[in-house]
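Take a look at the structure below.
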Amino acid sequence: MGDCQESNQKRWAHLRKVLERPGPFSHPEFEPSSEILDFIMTSCKILVIGAGGLGCELLKDLALMGFKQIHVIDMDTIDLSNLNRQFLFRHKDIGSSKAETAAAFINKRIAGCQVTPHFCKIQDYDEAFYKQFHIIVCGLDSIVARRWINGMLVSLLNYEDGILDQQSVIPLVDGGTEGFKGNARVILPGMSACVECTLDLYPPQVNYPLCTIANTPRLPEHCIEYVKVILWPKENPFNTELDGDDTQHISWVYEKSMERALQFNIPGVTYRLVQGVVKHIIPAVASTNAAIAGVCATEVFKIATSCCVPLNNYMVFNDVDGIYTYTYEAEKRRTSTQLLEIKDPDTMKLKQLLELLSESASYQMKSPGLTTIIDGKNKTLYMSTIKSIEERTRDNLNKTLVELGLKDGQDILVADVTSPSTLVIKLKYQTNDVEMT
Amino acid sequence: MEKPRRGQVTRKKASAAQLRITKDINELNLPKTCTTEFPDPDDLLTFKLVICPDEGFYRTGRFVFSFKVGPNYPHEPPKVKCETQVYHPNIDQQGNVCLNILREDWKPVLTINSIVYGLQYLFLEPNPEDPLNKEAAEVLTNNRRLFEQNVQKAIRGGYVGGTYFERCLK
Ligand SMILES: [Zn+2]
């Protein structure tokens, strides 16, 4: 049977029931059709970020739902401790790339599925890479990485005359778990709450009071934190910062933590615990991963097919006692890019730009501070409120935008008391026909 | 496996930490006892705070703190160290500072300004309950006059107990 008929196979009969006929829960604008399954199977491109506990579940779920064009990215290699829940990996795979091993497993196990692995950091790729996907789904344990991909997708947004171009929106489905707790959310960048809008929701790292660590340790964690926070910077044993992935570092911390624990008669310091505390690892629970990944994969399916209304937009899950879930709409905080038309960048001075921000009816700022990025480096253009910065940026006031190196399309970060967050103002130079690069 | 597409220069976007710190710094509302120093005005993530208290035990001294704001700000607090050796129950000889909002009580809604006020308060009301320098805390609890003398001695430069303090008079 040829590939084009594959969607007719029996194995997809359940998907066809959802996609080829309407139902009481289907999206009001949903038009049932056999083409939808073809789209999923032939053209819909999904990126899975992370091939760990959530990632293995996501890959399995998505592949069994008919998605074939799947990419997976993960910089990690497989560790013995992963094998209990990261079921795409075997003992022989220890030390291999998670992304590559997971992709090979799925491709072998699920006929027709083409998972493309990327054994690297998400930061190694640029806009061109991320632009190719219809939907991105995240199973990460790092907030830094979440914030990075969120920032990337927000930066891909395109506005035409202030109206968001829907084509530039790449939905992000984000799952996260910590022990028996988890969350799943759908982010439509530029349209609904994003990672930055809800930064307060992410549980902060557990930090013990410094005085407790220094003087009155009671827990094994206190002893380890003491070595990490106080002893390491003091003795600087390897002349570098503590690296949780370096076994020599961890062994040193373990040894010193044992000494301290002995001194205070505290039991329970183990090598594993040292690793856990240094790397902020919270024990993973396989069933929580499975539940959250299931929700995320379902959301990907709903967005890809429009067969159902997607999650709006944040679900919390907790199976400590029974199962508890709750869904609510996290609120979007206003952070948008605004266009500012500049008539003559060759003569307009920074001073005049500041006047514009203070005097124009649409801004009415009080004491805006301006920074930007030039050649990949941060540059403070002017800030009146901090004396030492004002003195050294004052000369910029009399320079023109062109002299300052500001190009057409340049993003200027503008902070002012009148706005709850920093505004991004994009300079739009009005071209006078010739000589624009 | 596809190769990372490096080198294709696309314009670097401001990080979320950068967006937030720009706001925090522009809106620093320093008490009159505090000043900031930015060694590089283009780097808003690295700076110093100088506190010259105008009342309390420490009113004759000048204390310098270094701030390092990481890429995960404001999810994580900045790293703050006291660069001036100070005889203080909540600051140790390595410059570690025991201030709750720098560790266990940090929240993303707090700002650099919150930390500045927190540090200033440490000099007005040193807290012997949660000590980092236990000896100093004991002296403060048992003999406030001696504590005051020790603070002055340390600020002028000299030994207190077995520890040498460098002069940090205003
Ligand atoms: Zn947002």
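Any aspartates and glutamates with Cα under 17 Å of the A:Lys234 Cα? List them, leaving off those in the same chain fewer than 8 positions away.
Hits, sequence-local ones excluded: A:Glu225, A:Asp243, A:Glu255, A:Glu259, B:Glu83, B:Asp92.
Whole-Hz ³J(HN,Hα) for each residue in the range A:348-363, computed from phi via Karplus 6.51 cos²θ - 1.76 cosθ + 1.60 with θ = phi - 60°, x for glycine and proline: what do you get?
For the range A:348-363, the Karplus curve yields 6, 8, 4, 3, 6, 5, 5, 4, 4, 5, 7, 9, 5, 4, 7, 10 Hz.
Under 8 Å for C-alpha pairs, at least 6 residues apart: give me the relative contact order for chain A, rounded to a whole percent.
13
Rounded to the nearest 0.05, what FRET efficiency is calculated for A:Ala361 and A:Asp408 with R0 set to 25 Å and r the Cβ-Cβ distance?
0.50
What distance in nm separates the two pseudo spin-label positions at B:Arg145 and A:Gln430, each 7 Å out from Cα along the beta-carbon direction?
Those two pseudo-labels are separated by 7.8 nm.
Using 0.36 nm per residue, how much length does the chain from A:Glu341 to A:His280 gain when fully extended, once their Cα-Cα distance is taken away? Write out the running numbers ahead of the final one.
Details: separation 61, 0.36 × 61 = 21.96 nm, distance 4.67 nm.
Stretched fully, the A:Glu341-A:His280 segment lengthens by 17.3 nm.
Can you flag which of A:Lys366/B:Lys32; A:Lys349/B:Lys68; A:Lys121/A:Lys379 are past 24 Å Cα-Cα? Spell out each step's value before the answer.
Working: A:Lys366/B:Lys32 21 Å; A:Lys349/B:Lys68 33 Å; A:Lys121/A:Lys379 26 Å.
Result: A:Lys349/B:Lys68; A:Lys121/A:Lys379 exceed 24 Å.
Could you calculate the contour length gain from A:Lys351 to A:Leu397, that is, 0.36 nm times the residue separation minus the distance between their Cα atoms, to one decimal place in nm?
16.1 nm
What does the net charge come to around A:Gly55 if you take all other residues with beta carbon closer than 13 Å to its beta carbon, with K and R at +1 and D and E at -1? Kindly include the intermediate steps, with their values, before the conclusion.
Numbers: positive: A:Lys60, A:Arg85, A:Lys98; negative: A:Glu57, A:Asp61, A:Asp74, A:Asp76, A:Glu100, A:Asp141, A:Asp174.
Here the charged neighbours net out to -4.
Spelling out what I want: for every residue of the range A:226-241, take phi, set θ = phi - 60°, compute 6.51 cos²θ - 1.76 cosθ + 1.60 (Karplus), and round to whole Hz; glycine and proline get x.
4, 5, 5, 8, 9, 6, 4, x, 6, 8, 6, x, 10, 6, 7, 6
For the range A:133-203, compute the orientation-averaged projected area of the C-alpha convex hull (one quarter of its surface), in nm².
Hull-based average projected area comes out at 4.8 nm².
Step through the residues of the range A:8-13 one at a time and calculate ³J(HN,Hα) from phi using the Karplus curve (6.51 cos²θ - 1.76 cosθ + 1.60, θ = phi - 60°), rounding each to whole Hz and writing x for Gly and Pro.
So the Karplus estimates, Gly and Pro as x, are 7, 4, 4, 4, 9, 4 Hz.
Round to a whole angstrom and tell me the spacing of the C-alpha centers of the range A:316-391 and the range A:122-175.
Answer, in whole Å: 19.
How about B:Lys13: which aspartates and glutamates have a C-alpha closer than 16 Å to its C-alpha, ignoring those fewer than 8 places off in the same chain?
Of all the aspartates and glutamates, those that pass the test against B:Lys13 - Cα under 16 Å, at least 8 places apart if same chain - are A:Asp124, A:Asp126, A:Glu127, A:Glu196, A:Asp375, A:Asp408, A:Asp411, B:Asp42, B:Asp43.
Calculate the length of the line joining the C-alpha centroid of the range B:14-59 to that of the range A:52-66, in whole Å.
46
Read-outs throughout are calculated quantities, based only on the coordinates presented, and are distinct from any laboratory measurement. No experiment lies behind these values; they were computed from the predicted model shown. Here the Cβ is made from the backbone with ideal geometry for all residues, glycine too, and neighbour counts use every protein chain on show.
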